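The values are calculated or read from the model by the stated rules, or taken from the named source; none is laboratory data. None of the values given here were measured: they were computed from a predicted structure. FYI the Cβ positions are ideal-geometry reconstructions off the backbone, even for glycines, and counts take in every protein chain you see. In case anyone asks, the SASA skips ligands and DNA or RNA and just uses the protein heavy atoms, side chains included. Shrake-Rupley method; radii C 1.70, N 1.55, O 1.52, S 1.80 Å.
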Amino acid sequence: VQLRAFGGGLQQVGGSLRLSCATSGRTFSNYYVGWFRQAPGKEREFVAALTWIGGITHYEDSVKGRFTISRDNANNTFYLQMNSLKPEDTAVYYCASNGRIGLPRVPSEYEYWGQGTLVTVSS
């Protein structure tokens, strides 16, 4: 399975960005796909997750109401729509796949990772 994340960039406070994660070679079973982020000097943290079958979502508290995770089953791609961006959203964003059901927030439970895409929010 390969994941490719793209869509990051520079945005002003209050702006929006949409990240995409294109997947290939995935297995057809239920699991989480998710987004994590890592700011300079900080540990990787959970942002959002989605079950590939059923579409159940989970969000980190600071992004609830601003970020939306979604998927396109036909194209094996999932997304992170980020609205009302804040400076604290600045980080490298990673997409992940094959997360074990029941543990959406734990990075080690995801089997495959994309290369990361940088999001910078300027004030």
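So is Leu85 out of contact with any Pro (no Cβ under 9 Å at 6 or more places or on another chain), in a loop (DSSP other than H, G, I, E, B) and under 17 Å from Gly8 (Cα atoms) or not?
Details: out of contact with any Pro (no Cβ under 9 Å at 6 or more places or on another chain): yes; in a loop (DSSP other than H, G, I, E, B): yes; under 17 Å from Gly8 (Cα atoms): yes.
Against the criterion (out of contact with any Pro (no Cβ under 9 Å at 6 or more places or on another chain), in a loop (DSSP other than H, G, I, E, B) and under 17 Å from Gly8 (Cα atoms)), Leu85 qualifies.
Could you check Ser70 against (1) touching a residue at least 40 places away in the same chain (Cβ under 8 Å); (2) over 15 Å from Gly8 (Cβ atoms) and say which number it fails?
All conditions are met except number (1).
Yes or no: Val47 closer than 13 Å to Arg100 by Cα and touching a Leu at 6+ places or on another chain (Cβ under 8 Å)? So that I can check it myself, show each step before the final result.
Working: closer than 13 Å to Arg100 by Cα: no; touching a Leu at 6+ places or on another chain (Cβ under 8 Å): yes.
No, not satisfied.
What residue, of Arg44, Arg71, is basic (Lys, Arg), touching a strand residue (DSSP E or B) at 6+ places or on another chain (Cβ under 6 Å) and closer than 15 Å to Gly116 by Cβ?
Values: Arg71 fails: closer than 15 Å to Gly116 by Cβ.
Selected residue: Arg44, the only one of Arg44, Arg71 that is basic (Lys, Arg), touching a strand residue (DSSP E or B) at 6+ places or on another chain (Cβ under 6 Å) and closer than 15 Å to Gly116 by Cβ.
Mind checking which pairs have a first residue in the stretch 95-114 that is in a loop (DSSP other than H, G, I, E, B) and a second that is at pLDDT 90 or above and among the charged types (D, E, K, R), Cβ under 7 Å, 6 or more apart or different chains?
Sorted first by the residue in the stretch 95-114, then by its partner, the pairs are Arg100/Glu109; Leu103/Glu109; Gly114/Arg4.
Kindly provide the set of residues from the stretch 1-23 that are in contact with a strand residue (DSSP E or B) (Cβ under 7 Å, 6 or more places away or on another chain) and small (Gly, Ala, Ser), ordered by number.
Applying the first criterion (in contact with a strand residue (DSSP E or B) (Cβ under 7 Å, 6 or more places away or on another chain)) to the stretch 1-23 yields 1-13, 16-23.
Hits for the stretch 1-23 are Ala5, Gly7, Gly8, Gly9, Ser16, Ser20, Ala22.
Give the stretch 87-100 a look and list any residue that's more than 14 Å from Leu3 (Cα to Cα) and surrounded by 15 or more Cβ atoms within 10 Å (Cβ to Cβ), or say none.
Residues satisfying the conditions are Asp89, Thr90, Ala91, Val92.
Within the stretch 56-69, work out how many residues are open to solvent by less than 30 Å² (accessible area, probe 1.4 Å), closer than 16 Å to Cys95 by Cα and part of a loop (DSSP other than H, G, I, E, B).
Residues that pass the stated criteria total 0.
Examine the stretch 71-78 for a residue that is surrounded by 20 or more Cβ atoms within 10 Å (Cβ to Cβ) and not in a loop (DSSP other than H, G, I, E, B), and state whether such a residue exists.
Let us first name the residues in the stretch 71-78 that are surrounded by 20 or more Cβ atoms within 10 Å (Cβ to Cβ), namely 78.
Of the ones still in play, those that are also not in a loop (DSSP other than H, G, I, E, B) are 78.
Scanning the stretch 71-78, I find at least one residue that is surrounded by 20 or more Cβ atoms within 10 Å (Cβ to Cβ) and not in a loop (DSSP other than H, G, I, E, B), so the answer is yes.
Quick one: which residue in Pro87, Pro104 is over 12 Å from Phe36 (Cβ atoms) and not basic (Lys, Arg)?
On the way: Pro104 fails: over 12 Å from Phe36 (Cβ atoms).
Result of the check over Pro87, Pro104: Pro87.
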